[in-house]
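Since the structure comes first, as structure tokens, the remarks are kept for the end.
The values are calculated or read from the model by the stated rules, or taken from the named source; none is laboratory data. The structure displayed is predicted, hence computed values, not measured ones. Cβ: placed from backbone, ideal geometry, glycine included. Neighbour counts: every protein chain shown. For accessibility, only protein heavy atoms count, side chains too; no ligands or nucleic acids. Shrake-Rupley method; radii C 1.70, N 1.55, O 1.52, S 1.80 Å.
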Amino acid sequence: IGIQELLEKVVGNENLSDKSSSHYSALEWIIEEDPMQLTPDDDHLIQRYLLAHFYFDTHQEGNWLSCERQNQSDRDETCVFKRLKSVFPLEYNDVIMFRWLSLMHECEWAGIFCDDFEQVRAIDLTAQVIQGTLPVELSHLSFLQGISLGWNEFEGTIPSEYGNIKQLLE
């Protein structure tokens, strides 16, 4: 079974077939651009794909505040992550981290926290000016315990599928 067939079992063929979708963009990135060049038998292929999908899905409206994928003007895979320090007044701490969609394991990407088995346990992208809706696909991160996405510009409701994440606490 190939990468596309494996991912179809998770997100469906119709999502991966639409060339204008963030599902397709994430699939293309995994197959064509991802520096890790994962194979279908890699343990974290689905997790990496789901996070790439989240990235592409939340870039349809605009850019994040910090740690986006590397572009031509960026010197390397590191970035200055703007971690919220205070709301009134709005202040950030600058923390050196790794960019999303970098060659690093996805557990090293800014705002992603994993356990010793490299399974995503928490996503903290508070106050990153992220726009869009919450992707249902995060519900496939079965070990996820916390999602912190406050102080962004999300619209809509929390997907009911998030209720199926058995370990989700926050």
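Quick check: net charge around L16, other residues with Cβ under 12 Å of its Cβ, Lys/Arg +1 and Asp/Glu -1?
Result for the local shell: -4.
Have a look at Y55, S148, V120 and report the one farthest towards the positive end of the charge dipole of the chain, computed about the Cα centre with Cβ charges (Lys/Arg +1, Asp/Glu -1).
Towards the positive end, the residue furthest out is S148.
At what distance in angstrom do the alpha carbon centres of the range 50-102 and the range 103-118 lie from each other?
14 Å
I want the antiparallel fraction of DSSP beta bridges within the range 19-170, as a percent rounded to 5.
Antiparallel: roughly 60 percent of the beta bridges in the range 19-170.
Hey, for a label at F113 modelled as a point 7 Å past Cα toward Cβ, could you say which residues of the range 30-71 have their backbone N under 18 Å away?
No residue qualifies, since no backbone N sits under 18 Å from the label point.
On C-alpha positions alone, give me the angle between the axis of helix 45-57 and the longest principal axis of the chain, in degrees, nearest 10.
Orientation of helix 45-57: about 60 degrees from the principal axis.
List the GluC sites (Glu not before Pro) in the range 69-125 that DSSP assigns to loop (not H, G, I, E or B) and whose Cβ has at most 16 other Cβ atoms within 10 Å. Which are they?
Sites meeting the loop and neighbour criteria: E118.
How much accessible area per residue does the range 1-84 have, in Å², with a 1.4 Å probe?
53 Å²
Work out, step by step, the length gained on full extension between K19 and E161: first 0.36 nm times the residue separation, then minus their alpha carbon distance; give nm to one decimal.
48.7 nm
Can you send over the carbon and sulfur percentage of the accessible area for the chain, probe radius 1.4 Å, protein chains only?
Using a 1.4 Å probe with all protein chains present, the chain comes out at 48 percent carbon and sulfur.
Enumerate by residue number the trypsin sites (Lys or Arg not before Pro) in the range 36-121 meeting two conditions: DSSP loop (anything except H, G, I, E, B), and at most 16 other Cβ atoms within 10 Å of the site's Cβ.
Qualifying residues, ordered by number: R75.
Under 10 Å, Cα contacts only: if you run a Gaussian network model on the chain, which one of T133, T58, T157 comes out with the highest mean-square fluctuation?
Result: T157 has the largest fluctuation of those listed.
Counting Lys and Arg as +1 and Asp and Glu as -1, each charge on the Cβ, what is the dipole of the chain about the Cα centre in debye, to the nearest 20?
480 debye
If I stretch the segment between E5 and N63 completely, what's the gain in nm (0.36 nm per residue apart, minus their alpha carbon distance), one decimal?
Result for the pair: 17.9 nm of gain on full extension.
Give the shape of the range 104-170 as rounded, prolate or oblate, defined through the alpha-carbon gyration tensor: a ≥ b ≥ c are the square roots of its eigenvalues, a/c under 1.5 means rounded, and otherwise the shape is prolate if a/b is larger than b/c and oblate if not.
oblate
Once every DSSP H run of n ≥ 4 in the chain is given -39500 (n - 2.57) and the sum is divided by its residues, what mean residue ellipticity at 222 nm do you get, rounded to the nearest 500 deg cm²/dmol?
-5500 deg cm²/dmol
Considering only the other residues whose Cβ falls under 15 Å of the Cβ of E137, what net charge follows from Lys and Arg at +1 and Asp and Glu at -1?
-4
Can you tell me, using C-alpha contacts under 8 Å and at least 6 residues apart, the relative contact order of the range 1-90 as a whole percent?
This gives 21 percent for the range 1-90.
Can you pull the semi-axes for the range 6-76, root of five times each eigenvalue of the Cα gyration tensor, sorted largest first, whole Å?
Ellipsoid semi-axes (Å, largest first): 21, 16, 10.
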